[in-house]
Amino acid sequence: MTKTRTRNRRGEGVKLRQDILAAAADLLDRGGEAAVTLREIALTVGISAPSIYAHFTDREAVVAALVSETFDLLESDLRGAMEQAGPNPVTRLRSLAAAYLDFARRWPQRYRVMFGGLWSDTTVQPKAEVNSTLRMGHSAFGVLLEAVDACQRAGAASDTDPFSDAAGLWAALHGLAQLNTVAPLFPWPAGLLDQMVNRLALLRD
């Protein structure tokens, strides 16, 4: 049954935009990217499909905005994990790495779309949106970069190139996150994550 939504009062357009994104996120979580259609979003929110165009140019723009929000959520989770870990830079880095994998486990559909290429594909987005979408994920990566840099400045790591080490560690975390999803029955060795962090961040013994 179609839900009828109360018309927003003047100035409540921001709320409708958030309702649209929340509906898209719910559809994505439950049915994957194919489930995210303008029609289904409209039915979930209780509006007509054309009403979405006042906030998003097309379906791809909705997904791109959802990806941007998900990267913000990832950044928040990573920072939260480091704050809870205390002041030790190595402990903070390890907690960040664990939080990254936990995020991918909790939001498998969102994680898949985050790195699906849609948000950086200039062929499906208006040029005005490309510059912002190409920067998606940079802030989340910046948290990892800060953590690796802190280890080096504290003398806990042997390298002096935090960007390269953080990029390598991110690539490894992303690979493991995806493998955990597609190969859950593989006998992953105990302590694998710590080994990855040790080697790729060049932590000292």
TODO: Could you look through the range 17-74, keep only residues that are over 20 Å from the mean Cα position of the chain (by Cα) and charged (D, E, K, R), and pick out the one that is surrounded by the fewest Cβ atoms within 10 Å (Cβ to Cβ)?
DONE: R39
Open item on the list: Can you tell me how many residues within the range 177-202 are without any contact (Cβ under 8 Å) to a residue 12 or more places away in the chain and open to solvent by 60 Å² or more (accessible area, probe 1.4 Å)?
Closed with: 11
TODO: For residues that are in contact (Cβ under 8 Å) with a residue 40 or more places away in the chain and either in contact with a strand residue (DSSP E or B) (Cβ under 9 Å, 6 or more places away or on another chain) or not aromatic (F, W, Y) (or both), tally how many sit in the range 62-109.
DONE: 28
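The values are calculated or read from the model by the stated rules, or taken from the named source; none is laboratory data. In this text, all values refer to a predicted model and were calculated from it rather than measured experimentally. Methodologically, a virtual Cβ is constructed for each residue, glycine included, from the backbone with ideal geometry; neighbour enumeration extends over all protein chains shown. Keep in mind that these areas ignore ligands, DNA and RNA; they rest on the heavy atoms of the full protein, side chains included. Shrake-Rupley method; radii C 1.70, N 1.55, O 1.52, S 1.80 Å.
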